[in-house]
Each structure stands twice: as C-alpha cells, then as structure tokens.
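One structure below.
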Amino acid sequence: MDWGYIISVMIVSAFGVEAIVFGLAAIGINMQFGYTGLLNFGQSAFMAVGGYSVAVTVIELGANFWWGVVIAFAVTIVLALLLGIPTLRLRADYLAIVTIAASEIVRLILRSVTFKEIFGGSDGQFSFGADFFALSPLPEDLAFRIGPVVLNERQIFVLIVGWALVFLSCLIVWLLVRSPWGRVLKGIREDEDAVRSLGKNVYLYKMQALVIGGLFGAIGGIIYAVGNEAVSPDFFGTDTTFFAYAILILGGAARVFGPVLGTVIFWAIIQGTDVFLRSAIDIGVPVLSLMTGTQAAVVRFMLVGLGIMLLMIFRPQGILGDRRELALDAR
Amino acid sequence: MPDNAPETRKEAAQRALADVPRVPGAPKPDPILIADGVVRSFGGLTAVDVAHVEVQRGAITALIGPNGAGKTTFFNLLTGFDTPNTGTWLFNGHDLAGVAAFRVARMGMIRTFQLTKALSKMTVMENMRLGATGQKGERLLSSIFGFLWSAQERQVTAKAEELLSRFNMLQKKDDFAGSLSGGQRKLLEMARALMTDPEMVMLDEPMAGVNPALTQSLLQHIKDLREQGMTVLFVEHDMDMVRDISDWVIVMAQGKVIAEGPPDEVMRDEAVIVAYLGGHHDKALTSSGVSFTEEAHG
C-alpha cells in the first residue's frame, strides 16, 4: 500500500479548498449556534448566495468580480433578515425549520429550468474568477508538490487567500465574543428570558448573530466558487450544512478555533479513508476488497459518523471544548 | 441595624400605608405601579382579572394567594413577558401596554423568576457583568474595539465585586453559575438584577428551594433593598416570611385581588381564609374533610 500517497492526500485535503470552504461555513455556524444557540440549518443557502452572486455578477451582468462580492454580502444580509424577522421572536426550533426549508428553496431555484438563463440550471456557472486571479502576485509557472500531488499557481493563490480569510474570520469572532456584546450572545444561548429581564434587546442580538454567521457562510461560498471556478446548485444541499455542523461539533462549539481544527481533521479523515479504502481494494486486502470503489466512497462517511458517535460518548464537548461547561447540562 | 436610624424606610413605608383603606384596589399615597382592568385569559380560563391595584413606592409589598391564583401570570403581564387581553398599567406614570419586556427592564422595573435563571455556562462574574446597563461594548460596532469599553468594563467589574461581597458570593466569582446551589442561584439572580440599578424589584418566589440557613440572609437582603430606596413586590407562599418582611400584602385568588392590608390584618381577613382553606368551615370538619383539601389547592 502506498502510504506516502495516502498521507499526501490527507495533507492536501486537510488544507485544501474544501477545508477552507467548510471551515468558514462552520465559523458562521459557531457564531449562530455555538455562541448564540440559534439553530441555522440553512447555512448552505448563505454559501449558495455567496458563490452564485459572484458567478452571476461576472457572467450574466458582465460586471467586475469585486462587485459580485459586494452583491453577495448585500444579498446575504437580505436573506438573513428574511429568515430572521418572522422566526427569531419564536422558539429556537422555528428558525431551524424555516432555514432548512429556505436552503432547499434556494437550491431548487438555482437549478430550475425557469431561471436557467440566469443561474445555468443544474450545470451551474463556470469561469468567472479572472479578476480574482489577476491579483495573484505568484509566478504563473509556480507548482508545489506534496508527494505525488501537484498544486498549480491558481490553486496556491486560492489557498493563501482562503486561509488568510479563515484566520481573519477567527480574529473577528475572537474580538466579538470576548466583548460585552459576545457576553450577551452567550447569555441568550443560556436563557434568553433572563437576558431580556436585564433590559437587553434579545431580538436585535439574535438578528446580528444570524447576519454575521451568514456572512461567514457567504465568504465560504465565494471561496468555493473561485476555488473551483465553478458553482453548481447541488453542492449547496442540506448535507453541506450538516458537514459544517459535524465539523463544528468535532472541533468544539463555542471555541474560536474549534471550526478550524474540525475542518482540518474532518477533511483529512474523509479523503484519507477514501484513498486508503480504494488502494486496499486495489491490492486485494481481505474483507476490504469485498467492496467496490463506489461503495468505499460511502463507507468513509459511515466511518466518520462512527468517529463522531465515539467522540460524543467519550468527549462530547468536541476536541477543543471545555468539559466543565458541558457537565453542567447534566443536572 | 437600620432600626437605630431616626426614621427608617420601613417606618416611613408603614406610616405612609397606615391610613390606606383595607379594601381590594385601595389607592396608595404614592403609587409607583398602577394596574387597571388587567385581564388575561387562556382559552376559557381567566387567569388574571385585576380590576385595580396600586403598589406603594418604597415599600415591600407581598403578593400572595393559593396555587393557581394568577400571581405569576400577573407578574409576567406587568413586566412585559406576557400580554394581557385588556387593561392598562402604569409604571412611574408611563403606560406599559405593548412595551417589550427589555424596555420595561430599562425603565427600572426588574424581575426575577420562580425557576431561577442563572446562566449556567457562564461564570458568576460574567452573569453579574451582563446585568450592567448602558455598556458601550454591547453595541456590535464598538464591541471589536476593546479600548472603547475596557475602562467601563473595569467599573462594571468593580460594581459587581462590591455587590457580590455584599451577598457573600465574592469567593465564587470565577465559578460557573451552574455549579452553585439553588439558594446561591437565587442570591446571584438577585445580585444580577441589582446590577441594573432598578427602581422596583419584582421577585417571583424568592424563597422557593432555598435552605433555611440561607433564608435569613436572603430576607435581610430583601429588607436592605427597601432601605436603599427600592420598591419591592414579591410573590411568596411562606406566610412567616410574608409576615416578617412585608409592609403591605395583596391577596389574589382565582385571578382577582380579594384583599389588601398590612400582613397581620390580611391574615385575619375572612375572604383570605376562605380562599386558602375553602368556604366550608361553617360545616363540621369531619363531614367535609375531603372537599376541604381539594379547595385548598384550588
């Protein structure tokens, strides 16, 4: 078995575009769920808004890429308000129901035949990152090898910008949650009536957390779009949202670096088990070679699910979480 | 002890209430809170139907009544946590109809809860700091710039430490609120409410689940609130406590105010005894023993 290949795939996946995209989405969910207790099950809709705003602005409107980013943020705020205004006064479950439905609505609109002229139907949109890559100071023939995996200049530029954005987002989250503003959010997570009884406008704080978390999701969507130079609607399904939740729980909710650590480990395991199982099948390892390659792709999710179950049993606070905080829930 | 002072607020409150007629809805010389025709029904059940009630400023008023009398619902209505079907209620002359709970709190009317709402996964100190009002760092845009709020944060912390030491909780300041005992949570909730500098404190069953050792200190803290010029309205079942600390008692039964007066007089009131013990004591107890207990829970 080629362990060098497996390990280099794990390294590339741990720090690849998908790790960045899901890391940003999980940072947004951390703001909403980890700190404020808002169950946003529609993070993929915010990611879709980010990715598609950029793509449609460049291709259909013929405008600059950076206008796309501005539009992405504006639409994200509108979407968050649209979801939040009717639901944030109600119990937490209403937001969960509305967001999961809204994310499917967004995805179905994006892939619909009616709007094929704008969004490109189920194929999505391609090639809109020229303005973004024009900023790259890297030499065009740059190539970076990790074992047998080679990254070209564009990929390296996306990774540099992406990780810079991940750390900038972490810095913003850290600045926000250490402040009295963040203290109000944590109070709302614990008991919003108590916070209300102390004269805080709970509705406003929940709305702010929803918008900020959505914006991180939109940035993730934009990185996905430029990283692949393509957006397709079916990426923005509910499983994308739940991957982001899995990442957050793995890393540790309500911890600034929880989502970052979560995404690195999640993608290393997902892609690592994939190549491991496939090469095990190729060389005919007993038992494992009973599977086909397609089945192996599904089995890796079972393994991750099993891993998360074990984590929940033995370390329910996630890798970075504080056990003391969690133990208090038991009473 | 405050009793040594020339005239304590306790004496002042009791003197002001001395001439108030002992009837439901009696007008007070200086009411801080006036409720008129407040009705709240849940489906067919009218939980609260208060025609008129006034709460005297600077006094400790107890709101008592048998289970299901509508005391907590009335509390929720007054503090904006629930909306009545009809009625008006004024706090310091401001109409509170349709005012959100957080705005009621900002006006100076702070409540606590029957089931204590300590924010378990935050430390005692963070709980206290959350209570402070007008914090610059609680605004989103200034929150990321620490230098805008760090000075205020130090003031808030100093104030919190002072309050915690008054409540004998300073050594607990870095513990998670969830690790406190029931009584300590009651103390924390009261201390946190005081961080807002309230004019009126509404305590919903402050003694529920508090062990006897802590009861005395909690009682003293409530008396201290009055001496500091605050108005206290509290719901309580423990009659000894009501007799001990309250200047005035309002009795509710089946949603209505049925009696008012100083504690000793109210407890002798015929309507109150009937509400608590049922209306059958003209009959022989032996023949109506069963219905006696049933009514007591009505």
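Condition check ((1) at pLDDT 90 or above; (2) over 20 Å from B:VAL48 (Cα atoms); (3) open to solvent by 30 Å² or more (accessible area, probe 1.4 Å); (4) in contact with a strand residue (DSSP E or B) (Cβ under 6 Å, 6 or more places away or on another chain)) across all residues:
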{"site": "B:THR215", "(1), (2), (3), (4)": "no, yes, no, no"}
{"site": "B:LEU218", "(1), (2), (3), (4)": "no, yes, no, no"}
{"site": "B:THR231", "(1), (2), (3), (4)": "yes, yes, no, yes"}
{"site": "B:VAL235", "(1), (2), (3), (4)": "yes, no, no, yes"}
{"site": "B:ILE245", "(1), (2), (3), (4)": "yes, yes, no, yes"}
{"site": "B:VAL251", "(1), (2), (3), (4)": "yes, no, no, yes"}
{"site": "B:ARG268", "(1), (2), (3), (4)": "no, yes, yes, no"}
{"site": "B:GLU294", "(1), (2), (3), (4)": "no, yes, yes, no"}
Verdict on B:GLY182 being under 17 Å from A:ASN201 (Cα atoms) and either out of contact with any Cys (no Cβ under 9 Å at 6 or more places or on another chain) or open to solvent by 60 Å² or more (accessible area, probe 1.4 Å) (or both): no
Answer residue from region B:149-164, given it is at the interface with chain A (Cβ under 9 Å from one of its Cβ atoms) and of a type outside the set (D, E, K, R) and is surrounded by the fewest Cβ atoms within 10 Å (Cβ to Cβ) among those: B:GLN152
In region B:108-117, the residues that are more than 8 Å from every other protein chain (Cβ to nearest Cβ) and either crowded, with 18+ Cβ neighbours inside 10 Å or not in a loop (DSSP other than H, G, I, E, B) (or both): B:GLY108, B:MET109, B:THR116
Among the residues listed as B:GLY134, B:GLY98, B:GLY68, B:GLY43, the single one being surrounded by fewer than 18 Cβ atoms within 10 Å (Cβ to Cβ), in contact with a His (Cβ under 9 Å, 6 or more places away or on another chain) and more than 9 Å from every other protein chain (Cβ to nearest Cβ): B:GLY68
Matching residues in region A:152-162 - criterion: being open to solvent by less than 60 Å² (accessible area, probe 1.4 Å) and closer than 12 Å to A:GLY227 by Cβ: A:ILE156, A:PHE157, A:VAL158, A:LEU159, A:VAL161, A:GLY162
From B:VAL50, B:VAL20, residue being of a type outside the set (Ser, Thr, Tyr), surrounded by 13 or more Cβ atoms within 10 Å (Cβ to Cβ) and at pLDDT 90 or above: B:VAL50
Residue pairs meeting the criteria (Cβ under 8 Å; at least 6 apart or on separate chains; first at negative phi, in region A:62-76; second among the acidic types (Asp, Glu) and assigned to a helix (DSSP H, G or I)): A:ASN64/A:ASP131; A:PHE65/A:ASP131; A:TRP66/A:ASP131
Considering residues of region A:182-195 that are open to solvent by less than 10 Å² (accessible area, probe 1.4 Å) and at the interface with another protein chain (Cβ under 8 Å from one of its Cβ atoms) only, the residue farthest from B:ASN76 (Cα to Cα): A:GLY182
Residue satisfying all of: in region B:197-210; surrounded by fewer than 21 Cβ atoms within 10 Å (Cβ to Cβ) and of a type outside the set (D, E, K, R); farthest from the other protein chains (Cβ to nearest Cβ) among these: B:ALA208
Filter pass, A:LEU210 being aliphatic (A, V, I, L, M), farther than 23 Å from A:GLY227 by Cα and open to solvent by less than 10 Å² (accessible area, probe 1.4 Å): yes
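So, A:LEU168, is that one surrounded by fewer than 22 Cβ atoms within 10 Å (Cβ to Cβ) and out of contact with any strand residue (DSSP E or B) (no Cβ under 7 Å at 6 or more places or on another chain) or not?
In short, yes.
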Filter result for A:SER179 (within 7 Å of chain B (Cβ to nearest Cβ), farther than 22 Å from B:GLY108 by Cβ and buried (at least 22 other Cβ atoms within 10 Å of the Cβ)): yes
Residue count, region A:73-112 (criterion: touching a Leu at 6+ places or on another chain (Cβ under 9 Å) and open to solvent by less than 50 Å² (accessible area, probe 1.4 Å)): 11
Some residue of region B:181-189 being within 14 Å of chain A (Cβ to nearest Cβ), assigned to a strand (DSSP E or B), farther than 26 Å from B:GLY65 by Cβ and touching a residue at least 40 places away in the same chain (Cβ under 8 Å): no
Residue in region B:201-209 that is over 15 Å from B:LYS223 (Cα atoms), touching a residue at least 24 places away in the same chain (Cβ under 8 Å), in contact with a Gly (Cβ under 7 Å, 6 or more places away or on another chain) and not assigned by TED's automatic domain parsing to the domain that holds B:GLU162 present: yes
Matching residues in region A:196-219 - criterion: being of a type outside the set (Ser, Thr, Tyr) and facing chain B (nearest Cβ under 7 Å): A:ARG196, A:LEU198, A:GLY199, A:LYS200, A:ASN201, A:VAL202, A:GLN208
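The values are calculated or read from the model by the stated rules, or taken from the named source; none is laboratory data. A quick note: this is a predicted structure, and the numbers were derived from the prediction, not measured. Positions of Cβ are backbone-derived with ideal geometry, glycine not excepted, and every protein chain shown enters the neighbour counts. These area figures cover heavy atoms from the full protein model, side chains too; ligands, DNA and RNA do not enter into them. Shrake-Rupley method; radii C 1.70, N 1.55, O 1.52, S 1.80 Å.
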